[in-house]
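The values are calculated or read from the model by the stated rules, or taken from the named source; none is laboratory data. For clarity, every value in this text was computed on a predicted model and none was experimentally measured. No Cβ is skipped: glycine too gets one built from the backbone with ideal geometry, and neighbour counts run over all protein chains shown.
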Amino acid sequence: QQLWQLNHALEKLSSRMEKRIGITAQQRLVLRCLGQYPGLTAGQLANLLHLDPGTVSATLNRLESKKLLKRRRDPQDKRRVFLGLTANGHVLERSARSTAENAVTQLLKKAAQQDVSATMKVLAQLTNLLAQESGE
């Protein structure tokens, strides 16, 4: 039940973020990653986020259509494309209130390290079980 409540809270916040700043929580996470690691490829980003490449591709297309993302072809290999942020993308990737990562940052500042460690351990176990259930 707690996981469903967490998921609902994340979805609700994401919807509010889209109305307020024009991007969802997932899109912001992609912007944050590209701000921290400019020049990633789509495949590298998918690996970093543990997401399906198709999901990442759809998110990248949305961000590009919003003029927040730019793609640059590798001069050595035209099939390879590097990702970066536009000036507007950099504005939206900066730390901000009322975002999912801001809530996590606040929590981590207050939480005891042993609680964080225990939570990480349980979430990792759940992730592994879910992957097994889905046949991964």
Within region 32-56, the residues that are aliphatic (A, V, I, L, M), part of a helix (DSSP H, G or I) and in contact with a strand residue (DSSP E or B) (Cβ under 8 Å, 6 or more places away or on another chain) are LEU34, ALA42, LEU45
Being surrounded by 12 or more Cβ atoms within 10 Å (Cβ to Cβ), under 27 Å from SER134 (Cβ atoms) and free of Cβ contacts under 8 Å to residues at least 40 places away in the same chain narrows it down to one residue among THR55, THR86, THR41; which is it? THR55
Quick check on this structure: which one of LEU29, LEU60 is in a helix (DSSP H, G or I), at pLDDT below 95 and surrounded by 13 or more Cβ atoms within 10 Å (Cβ to Cβ)? LEU29
Can you tell me which of (1) touching a strand residue (DSSP E or B) at 6+ places or on another chain (Cβ under 7 Å); (2) under 19 Å from VAL91 (Cβ atoms) is the one LYS66 doesn't meet? (1)
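Kindly check whether there is at least one residue in region 40-56 that is under 12 Å from the mean Cα position of the chain (by Cα), among the polar types (S, T, N, Q) and modelled with pLDDT of 95 or more.
Yes, the conditions are met somewhere in region 40-56.
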In this structure, is LEU69 hydrophobic (A, V, I, L, M, F, W, C) and surrounded by 10 or more Cβ atoms within 10 Å (Cβ to Cβ)? yes
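Of the residues that sit in region 70-106 and are outside any helix (DSSP H, G or I) and within 14 Å of the chain's Cα centre (by Cα), which one is modelled with the highest pLDDT?
THR99
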